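K.L.:
What follows is a structure written as structure tokens; I'll ask about it next.
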Amino acid sequence: MQDDALLRYSRHILLDEIGIEGQERLNAAHALVIGAGGLGSPAAMYLACAGVGQITVLDPDTVDLTNLQRQIAHTTPRVGESKVSSLATTLQGLNPLVRVTPVHGKADADTLPAWVQQADVVLDCCDNFSTRQAVNAACVAHRTPLVSGAAIRFDGQISVFDPRADDAPCYACAFPPGDAPPETQCATMGVFAPLVGIIGAMQAAEALKLLLGLSPSLAGRLLMLDARGMEWTDVRLPRQANCPVCAGR
């Protein structure tokens, strides 16, 4: 590790749980972030600042003026630019030592397997149920740990789904593909601006712990936040023997 990297990551290196060896693990890691919006912005920014060596970001959208209320990686001059390009500019400005691959396109069952296969950890920062299911299926198939976050109105949630552990549930164990909830989007429902920052930062924290091998993670647990009263609810998630995605893995 060069002197500038030692200085940049010195506050991590001081932690007994990380040290130089742990920081080098982060520098060699590859994180895949699905979504470059409200959750993906803070999550990817913390990953970059922490020194995750390669970050790939997938998102099909462009920056809109309505995004700027909460999507902190984007700026007013970048309205109309692809979100992944805008986010990549922000990440490189925060830490030029990391490699950022922006992919302006949709994450679906056809495109995800190739990207997930290359990653050490996946962060689901998208905003629709079908994409979450596709991300989960790809992660189960390639045994790649998944950090899932969601936020709408004043309500947020986060969990880890780690298919490397035989007893850990997958996303479909908790949210079966056939039980799709009514579609909820920020454009019609609204979202409290700092909420996505809270959940996105926690996604980065869980992803870094997975890359470092620090335990315990949130695997098997779902944390739900009511941001009005700042109250957390911790729900245990068992693995479902008849899950259509991970049964028999």
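K.L.:
List the pairs whose first member sits in region 59-82 and is surrounded by fewer than 18 Cβ atoms within 10 Å (Cβ to Cβ), whose second member is of a type in the set (Asp, Glu), and whose Cβ atoms are under 8 Å apart, counting only residues at least 6 apart or on separate chains?
P.N.:
Thr62/Glu81; Val79/Asp64
Matching residues to (1) closer than 22 Å to Ala31 by Cα; (2) not small (Gly, Ala, Ser):
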residue: Asn136; (1), (2): yes, yes
residue: His142; (1), (2): yes, yes
residue: Val147; (1), (2): yes, yes
residue: Arg153; (1), (2): no, yes
residue: Val160; (1), (2): yes, yes
residue: Cys170; (1), (2): yes, yes
residue: Ile199; (1), (2): yes, yes
residue: Ala205; (1), (2): yes, no
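K.L.:
Sticking with this one: Checking Thr144 against (1) among the polar types (S, T, N, Q); (2) buried (at least 17 other Cβ atoms within 10 Å of the Cβ); (3) farther than 30 Å from Glu21 by Cβ: exactly one of these is not met. Which one?
P.N.:
(3)
K.L.:
Can you tell me which residue is surrounded by the fewest Cβ atoms within 10 Å (Cβ to Cβ) among those in region 91-129 that are in a helix (DSSP H, G or I) and under 17 Å from the mean Cα position of the chain (by Cα)?
P.N.:
Selected residue: Gln117.
K.L.:
A further question on this structure: Only one of (1) over 18 Å from Met224 (Cα atoms); (2) in contact with a Gly (Cβ under 6 Å, 6 or more places away or on another chain) fails for Ile158. Which number is that?
P.N.:
(1)
K.L.:
What are the residues in region 1-35 that are at pLDDT below 95 and under 15 Å from Glu206 (Cα atoms), if any?
P.N.:
Passing the criteria: none in range.
K.L.:
Do any residues in region 219-230 that are on the phi > 0 side of the Ramachandran plot have Cβ atoms under 6 Å from those of residues that are surrounded by 18 or more Cβ atoms within 10 Å (Cβ to Cβ), where the two are at least six apart or on different chains, and which pairs are they?
P.N.:
Gly220/Ala168; Gly220/Leu237
The values are calculated or read from the model by the stated rules, or taken from the named source; none is laboratory data. This is a predicted model, so every value here is computed, not measured. Quick reminder, even Gly has a Cβ in these numbers, built from the backbone with ideal geometry, and neighbours come from all protein chains shown.
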